Amino acid sequence: GIMGSGIAEVAAKAGCEVILRSRQQNTADAMVASLEKSLNRQVEKGKLQADEAAATLARVTATSSLTDLKDCDLVIESVVEDLEIKKHLFDQLDRICKDEAILATNTSTLPVVEMAMETHLPEKVIGVHFFNPAPMMSLVEIVPALTTSDETIETVKAFVETCGKEAVL
């Protein structure tokens, strides 16, 4: 949705390869189209060079398959604010993603530890709350669970700063 495409824009502009996943391919494609419109508006306003917009868009791949996330270093979910849905997703991601992957939630209201407990590596689970609209807002909340490791916190903080955002623990 809006948050997913906004976070994808922020990460892709920072030079990260992004896999934008939605449950249906047409929705994933629509999010990439929305991202393209956003980048084109920035070019029209003189805030972004056309070649930078093209390079940003080229770093984003749309998919409907969770298994396409298997090699990602960081997965940030932004599904509906429903704890049971998020817990189910974290269980699925835990089975699919490599052990080195950090699994993050963009929630601002739900307990991160509940999602962490659905994984076999709860120290690799963290909250990374981008405010809406993600490309415009400068602050990002980092919300560790009781189980989150210091290494995970530092890695996510570095990612947020690479994206040109201010990390607030």
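In the stretch 5-35, what count of residues is obtained for those that are under 15 Å from residue 160 (Cα atoms) and at pLDDT below 95?
The total comes to 1.
The rows are residues; the columns are (1) of a type in the set (Gly, Ala, Ser); (2) crowded, with 20+ Cβ neighbours inside 10 Å.
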{"position": "100", "(1), (2)": "no, no"}
{"position": "115", "(1), (2)": "no, yes"}
{"position": "120", "(1), (2)": "no, no"}
{"position": "123", "(1), (2)": "no, no"}
{"position": "127", "(1), (2)": "yes, yes"}
{"position": "149", "(1), (2)": "yes, no"}
{"position": "152", "(1), (2)": "no, yes"}
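Sort out which residues of the stretch 8-50 are among the polar types (S, T, N, Q) and part of a helix (DSSP H, G or I), and write them in order of number.
Listed by number, the residues that qualify are 25, 26, 27, 34, 38, 40, 42.
Which residues, taken from the stretch 4-40, are of a type in the set (D, E, K, R), open to solvent by 30 Å² or more (accessible area, probe 1.4 Å) and touching a residue at least 40 places away in the same chain (Cβ under 8 Å)?
Start the filter on the stretch 4-40 by keeping residues that are of a type in the set (D, E, K, R), which leaves 9, 13, 17, 21, 23, 29, 36-37.
Those left that are additionally open to solvent by 30 Å² or more (accessible area, probe 1.4 Å): 13, 17, 21, 23, 29, 36-37.
13, 17, 21, 23 - these are the residues of the stretch 4-40 that are of a type in the set (D, E, K, R), open to solvent by 30 Å² or more (accessible area, probe 1.4 Å) and touching a residue at least 40 places away in the same chain (Cβ under 8 Å).
When the stretch 58-98 is examined, which residues are found to be open to solvent by 30 Å² or more (accessible area, probe 1.4 Å), more than 12 Å from residue 125 (Cα to Cα) and touching a residue at least 40 places away in the same chain (Cβ under 8 Å)?
59, 61, 64, 65, 68, 78
The values are calculated or read from the model by the stated rules, or taken from the named source; none is laboratory data. Remember, predicted model here, so these are calculated numbers, not experimental data. Glycine gets a Cβ as well: all are built from the backbone with ideal geometry, and neighbour counts include every protein chain shown. The protein model used for the area step is the full one, side chains on, heavy atoms only, and it has no ligands, DNA or RNA in it. Shrake-Rupley method; radii C 1.70, N 1.55, O 1.52, S 1.80 Å.
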